[in-house]
1. Taking the stated definitions as given, is A:Leu89 farther than 22 Å from A:Asp26 by Cα, surrounded by 13 or more Cβ atoms within 10 Å (Cβ to Cβ) and touching a helix residue (DSSP H, G or I) at 6+ places or on another chain (Cβ under 8 Å)?
2. Please give the helices (runs of 4 or more DSSP H) falling wholly within the range A:1-90 in which 3 or more residues are touching a residue at least 60 places away in the same chain (Cβ under 8 Å) and more than 9 Å from RNA strand B (Cβ to nearest atom).
3. Tell me the strands (runs of 3 or more DSSP E) entirely within the range A:327-403 that contain at least 3 residues that are more than 16 Å from RNA strand B (Cβ to nearest atom) and either out of contact with any strand residue (DSSP E or B) (no Cβ under 7 Å at 6 or more places or on another chain) or open to solvent by less than 10 Å² (accessible area, probe 1.4 Å) (or both).
4. Condition check: modelled with pLDDT under 90, outside any loop (DSSP other than H, G, I, E, B) and of a type in the set (Lys, Arg). Does A:Lys152 satisfy that?
5. Considering every residue within the range A:209-216, establish whether at least one is farther than 30 Å from A:Val377 by Cα and part of a loop (DSSP other than H, G, I, E, B).
6. Scan the range A:98-128 for residues that are within 10 Å of A:Ser322 (Cα to Cα) and surrounded by 14 or more Cβ atoms within 10 Å (Cβ to Cβ) and jot them down.
7. Being modelled with pLDDT of 95 or more, in contact with a helix residue (DSSP H, G or I) (Cβ under 7 Å, 6 or more places away or on another chain) and either farther than 26 Å from A:Gln279 by Cβ or among the acidic types (Asp, Glu) (or both): is that true of A:Ser329 here?
8. Kindly indicate which of A:Ile251, A:Ile238, A:Ile177 is closer than 19 Å to A:Leu385 by Cβ and open to solvent by 10 Å² or more (accessible area, probe 1.4 Å).
Amino acid sequence: MIDPKVIREKPEVVTEALRKRGAAFDIKQVLDLDEKRRSLIQESEKKKSEKNELSNEIAKLRKSGADASDKIEHLRTLGKSIETLEQELRVVEKEWDDAVLVIPNIPHSSVPEGSGEEDNQVVKVWGEKPVFDFEPQAHWDIGEKLDILDFKRAAKITGSRFILYKSFGALLERALINFMLDLHTREHGYTEVLPPFMVNREAMTGTGQLPKFEEELFKLDGLDYFLIPTAEVPVTNIHNNEILKEDDLPIKYVAYTPCFRKEAGAHGKDTRGLTRLHQFNKVELVKFALPENSYDELESLLLDAEDVLKKLNVHYRVSALSTGDLGFSSSKTYDIEVWLPGQNIYREISSCSNFDSFQARRAKIRYRKGSGKVDLVHTLNGSGLAIGRTVMAIMENYQTQDGAIVVPEALRPYVHGMTKFPS
RNA sequence: GGAGGGAUGGCUGAGCGGCCGAAAGCGGCGGUCUUGAAAACCGUUGGGCGUGCAAGCGCCCCGUGGGUUCGAAUCCUACUCCCUCCGCCA
């Protein structure tokens, strides 16, 4: 949620920000509701003040044994009119809430303006495309030949867009999870957490998935619980409704979780391979930072994520998303895109974002400053990295002419010292 | 799944339906004393919203939502969560 005071006092700033995102929005409606809301609050609070005063007078009269029946009668009618006002207020507040909760975040001033993906700016390139003296294969072909990725049987067990990893495939997935968790905890100072994989509606609203994107989520039958689409949701909500200590910031968590997504808008897109599944594994980095340095924290979070690919020695580039491609809750996002020689494309493997105070305001995550004042923290997160997409990057970048996969050196301790599969 | 008990401020823990947003202790912060520290003593110490340039003023919050009442932390009710015991289970 963006600051209601900003909406009220600088509606043109909000309108302009939303225009950059390509999102049309009727700010007038929100302003009207806000106006209505505040005048109702003032009206009812005035009456409540009267009510409190009267109530005290009655108490005093009662204590002295005097008669208070006319005052009681007055209070009775006052109470009725307060109730009416409160009812009106509740309706207006709900409408206002509904309107405000679907407004996306304001992009940071450093975000390149653009209408979509095509306007993203490549800001870094690391390594280079590997040269093959044969035609590199896509990971789904390699995986099938080696019998380590079994899409057919996954479809039989569940349906399309699921994967059954076998033998070295399963081992590689597990190795990468452990490798990344170790890297981030031991070298980058993150605290490991293992959160629930289902969350309630409040948590989903706190990070911005709800109310706008319910159709993207798997919901449990008969319970108001959802399968998490990313660890961002349970991990960010660790501190919802809390006031943190300034000295404890930044707080840095790393979590491995599976992620569940309906991919509702992606029919027919990326249907082959590990690219777009309903269930995939991810190691996620989450930070709670001070407002004054959260954009620096984003840069270091990005470096922490990049470090995984550097250690695995896989070529990638980093793009700053344009205003038109920015996610709903984000104020600034970098995507790390890994090179996939088997498909001859760059593919997103991590998305690192600063949410500014957008999520903190929704989830009520605050901190106490040295001065004693309370303020919203800034929340950040980024994949560090998506596991399935890392598996496919390794398979495609480390393939050999005879259809084997070389194990990146950094990963060997995690696969019992294997250097190659099949060995 | 069955039977009980509980939920109050950063923590512990009082609280008769009417100055209770809430005692007391601990902790935190500031000060006195001290070369410094500790101890002692004094003071201070929740959040949200509305209004205002500000100081301030007002409203709301005792797990959450309803209800009773002129008035609810206190009574009733539903729900949620926690604890103990039994059953079942990884």
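1. The answer is no for A:Leu89.
2. A:11-21, A:27-63
3. Numbers: elements: A:332-340, A:345-354, A:365-368, A:374-376, A:378-386.
Answer list for the range A:327-403: A:332-340, A:345-354, A:378-386.
4. In short, no.
5. no
6. Initial filter on the range A:98-128 (within 10 Å of A:Ser322 (Cα to Cα)): A:107, A:110-121.
Scanning the range A:98-128 gives A:Pro107, A:Val111, A:Pro112, A:Gly114, A:Asp119, A:Asn120.
7. Numbers: modelled with pLDDT of 95 or more: yes; in contact with a helix residue (DSSP H, G or I) (Cβ under 7 Å, 6 or more places away or on another chain): yes; either farther than 26 Å from A:Gln279 by Cβ or among the acidic types (Asp, Glu) (or both): no.
Answer is no for this residue.
8. Values: A:Ile251 fails: closer than 19 Å to A:Leu385 by Cβ; A:Ile238 fails: closer than 19 Å to A:Leu385 by Cβ.
Just one listed residue meets the conditions, A:Ile177.
The values are calculated or read from the model by the stated rules, or taken from the named source; none is laboratory data. The shown structure was predicted, so the numbers you read here are calculated from the model rather than taken from an experiment. For neighbour counting, all protein chains shown are included, and Cβ atoms are generated from backbone atoms with ideal geometry for every residue, glycine included. Calculation scope for accessible area: heavy atoms of the full protein, side chains included, ligands and nucleic acids excluded. Shrake-Rupley method; radii C 1.70, N 1.55, O 1.52, S 1.80 Å.
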